[in-house]
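Undergrad: My structure is below; once you've seen it, I'll send some questions.
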Amino acid sequence: MRVKRIAVLGSTGTIGKKALEIIYQYPDRFKLKAIACWSNIRELEKQIRRFDPKIVAVGDVQAAKNFKTKKKLFIGQDGIDSIASLGDVDIVLIAINTTSALSSVLAALKSGKDVALANKEALAMAGSVIMQTAKKHNAQVLPIDSEQSAIWQCLQGHDKSLLRRVYLTASGGSLYRVAASRFANLTKKEVLAHPRWKMGAKITVDSATLMNKALEIIEAMWLFGLNFEQIKVLVHPEAIIHSMVEFVDGSIIAQLAVTDMRLPIQYALGYPQRFNSKQNIDFLKLGSLHFDKPDLKRFQCLMLGYEAAKTGGSLPCVLNASDEVAVNAFLKDKIPFLAIPEVIEKVMRKHKVIKNPDLDSLYRIDNWARIKTQELLCRF
Ligand SMILES: NC(=O)c1ccc[n+]([C@@H]2O[C@H](COP(=O)([O-])OP(=O)(O)OC[C@H]3O[C@@H](n4cnc5c(N)ncnc54)[C@H](OP(=O)(O)O)[C@@H]3O)[C@@H](O)[C@H]2O)c1
């Protein structure tokens, strides 16, 4: 068995940290070559001591000024992209939590590396460019997001043309049982209290608005070549079934596992092999599984996501950029919770959709959507 050489971008985040633990735990399978963060130097220093990567990158130039290391150091966005295209790396795991991951995804794919992708924002912005680049350079995009990993696992050994539909499951996030009448006055603490998953702040807010599910619909469309009508969202509060695929004969295959992101990370890095983990489901303790329809009235972001996914072209790019800015403002206590869907919808309405945008157009549209969102947010 050949040892896979890995670079982890976003190593100081929730997914990045779990990925480092897995790589460390299986030295006969993986070798950590490089890590990158944005500005969390304290965590980065700890990681250098514990995991001993050869190369390190810090995205934030200011933060890098106070950082001393004996390791080879790259700085800035270009520095992170250099790590994504290092010669002696087989897989680049991308756990950056913003759309800025896109340039690293493309840098890795262009140098023929497989990308283990946790980041969904880059796919929402430029899924067509990413998938075309992967194809052109004979590289793979290996999903880490648990729902996409589930679909990927369910499809193993099956002809994709025999797929009828996909059931994308959603735990419901922190607000599943919260009445709409309370939404206007929700605190950040309530929104960030996810019942099942411990994640970074941005994705936790996206889970509460169900924008996360909207982004995942777009993600699944690109990763598996699905059309919008083939994807059904099901609320499944236990979050044990991570998604299901239905074939033309009506048979459904589901992937079940405990809620632990180490499993999809491990699957993506080890693919096509599986290897041991201590996790297992206690079905008797679990008792039953439940399913529900998503409430599109309370969760307008999902409705907006349906519209963006169905329309395609440049609209998902606008949805994603506007969401990123709005969520950031919410996390900084600058806007109330309900301003998030309100502003995203307004920005989407102002946009004239382009059918097949190229990368330059997508960067321009992404920037336009951010500026428009910011302008609207100033009114709160
Ligand atoms: N967490 C989950 O369970 C989960 C599940 C499925 C999918 N995902 C996806 O995985 C991605 C990461 O999520 P997370 O929860 O791990 O986020 P997180 O905990 O907030 O971590 C984000 C990481 O990205 C780095 N970063 C931020 N901006 C960057 C930039 N411009 N360039 C380079 N690095 C940057 C951060 O560095 P600093 O620490 O230095 O700021 C940190 O290492 C997201 O796209 C999310 O949607 C997460």
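Since every read-out is calculated from the coordinates, none of them should be taken as a lab result. As the structure is a prediction and not an experimental result, all values here were calculated from the model.
Undergrad: Give, to the nearest whole percent, the P(r) tail of the chain beyond 41 angstrom, counting all Cα pairs.
TA: Values: 6268 of 72010 pairs.
I get 9 percent for the Cα pairs in the chain exceeding 41 Å.
Undergrad: If the reach is capped at under 20 angstrom between alpha carbons, list the lysines near residue 297, excluding any in the same chain fewer than eight residues apart.
TA: 213, 232, 310, 346
Undergrad: Normalised by the empirical 2.2 N^0.38 Å for globular proteins, what value does the Cα Rg of segment 233-369 take? Write out the running numbers ahead of the final one.
TA: Numbers: Rg = 19.4 Å, N = 137, 2.2 N^0.38 = 14.3 Å.
Taking N as the residue count of segment 233-369, the ratio is 1.36.
Undergrad: Roughly speaking, what is the centre-to-centre gap between segment 108-175 and segment 200-273 when only Cα atoms are used, to the nearest Å?
TA: After rounding, the separation between the Cα centres reads 10 Å.
Undergrad: I need the semi-axes of the equivalent ellipsoid of segment 1-57: take the C-alpha gyration tensor, multiply each eigenvalue by 5, square-root it, list largest first in whole angstrom. The partial results should precede the final answer.
TA: Details: eigenvalues 72, 22, 18 Å².
Values for segment 1-57, descending: 19, 10, 9 Å.
Undergrad: Continuing with the same structure: What percent of all Cα-Cα pairs in segment 4-143 falls in each 10 Å bin, counting up from 0?
TA: Percent of pairs per bin, in order: 13, 48, 32, 6, 0.
Undergrad: Can you give the Rg to Rh ratio for segment 195-247, taking only C-alpha atoms and Rh from Kirkwood? Intermediate results must be reported in sequence, preceding the final value.
TA: On the way: Rg = 12.1 Å, Rh = 12.4 Å.
When Rh is taken as the Kirkwood radius, the ratio is 0.98.
Undergrad: Calculated from DSSP H runs of 4 or more alone, at -39500 (n - 2.57) each and per residue, what is the 222 nm mean residue ellipticity of the chain, nearest 500? Please list the in-between numbers first.
TA: Working: 16 runs with 173 residues, N = 380.
Roughly -13500 deg cm²/dmol at 222 nm, from the helical runs in the chain.
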